[in-house]
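This report refers to the structure that appears directly beneath it.
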Amino acid sequence: MKKAVALTYDASLPAPFISAKASGMSSKRLLALAGEHGIPIVSAPDSAEVLFSLDVFDLIPEDLYEIIADILVFIQKVGEKEYENHPSR
């Protein structure tokens, strides 16, 4: 079953947290909402499975920081490519 997990980072907190999660048909809706609001979407089923075990509003524990770092690096690389390929450049 497909799973989706939304992460939020608030600089006033010590770590990112799970802001939403869904499985099955609800995961498609969560992904659609993210897309509608320009929120980056990363396809990482193994990471989603691990993060799905956390509850909404749980801070990401230190032992999962590497997963979060990999996701953030991917998002940054995609953002840099979009910037480089933007027509105004």
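A count restricted to the range 28-51 and to residues that are modelled with pLDDT of 95 or more and polar (S, T, N, Q) stands at 0. Taken over the range 66-80, the residue count meeting the criterion of being surrounded by 13 or more Cβ atoms within 10 Å (Cβ to Cβ), at pLDDT 90 or above and more than 13 Å from the chain's Cα centre (by Cα) is 0. Here Ala15 meets the list (1) within 22 Å of Glu62 (Cα to Cα); (2) in contact with a helix residue (DSSP H, G or I) (Cβ under 7 Å, 6 or more places away or on another chain) almost entirely, failing just condition (2). Here is the figure for the range 1-29: residues that are more than 23 Å from Lys77 (Cα to Cα) and not hydroxyl-bearing (Ser, Thr, Tyr) total 12. The set of residues from the range 51-72 being under 13 Å from Val5 (Cβ atoms) and either free of Cβ contacts under 8 Å to residues at least 12 places away in the same chain or part of a loop (DSSP other than H, G, I, E, B) (or both) comprises Ser53, Leu54, Asp55, Val56, Phe57, Asp58, Ile60.
Evaluating Ala22 against the criteria (1) modelled with pLDDT of 95 or more; (2) exposed (fewer than 14 other Cβ atoms within 10 Å of the Cβ); (3) of a type outside the set (Val, Ile, Thr) leaves one unmet condition, (2).
Take Ser12 and tell me if it is in a loop (DSSP other than H, G, I, E, B) and either modelled with pLDDT of 95 or more or surrounded by 10 or more Cβ atoms within 10 Å (Cβ to Cβ) (or both).
On the way: in a loop (DSSP other than H, G, I, E, B): yes; either modelled with pLDDT of 95 or more or surrounded by 10 or more Cβ atoms within 10 Å (Cβ to Cβ) (or both): yes.
Yes, satisfied.
Given the condition farther than 17 Å from Ile71 by Cα, in contact with a helix residue (DSSP H, G or I) (Cβ under 6 Å, 6 or more places away or on another chain) and of a type in the set (A, V, I, L, M, F, W, C), answer yes or no: does some residue in the range 18-40 qualify? Yes: the range 18-40 contains one or more residues that are farther than 17 Å from Ile71 by Cα, in contact with a helix residue (DSSP H, G or I) (Cβ under 6 Å, 6 or more places away or on another chain) and of a type in the set (A, V, I, L, M, F, W, C).
Might you check whether a residue that is part of a loop (DSSP other than H, G, I, E, B), on the phi > 0 side of the Ramachandran plot and either in contact with a strand residue (DSSP E or B) (Cβ under 8 Å, 6 or more places away or on another chain) or not acidic (Asp, Glu) (or both) occurs anywhere in the range 43-50? Steps first, answer last, please.
Filtering the range 43-50 down to residues part of a loop (DSSP other than H, G, I, E, B) leaves 43-44.
Add one more test, that the residue is on the phi > 0 side of the Ramachandran plot, and what stays is none.
Checked the range 43-50: no residue is part of a loop (DSSP other than H, G, I, E, B), on the phi > 0 side of the Ramachandran plot and either in contact with a strand residue (DSSP E or B) (Cβ under 8 Å, 6 or more places away or on another chain) or not acidic (Asp, Glu) (or both).
Among the residues of the range 30-42, the ones that are outside any helix (DSSP H, G or I) and farther than 18 Å from Val73 by Cβ come to 2 in all.
The values are calculated or read from the model by the stated rules, or taken from the named source; none is laboratory data. The structure presented is a predicted model; accordingly, all values stated were derived computationally and were not measured. Don't worry about glycine lacking a Cβ; one is built from the backbone with ideal geometry, like all the others, and counts go over all protein chains shown.
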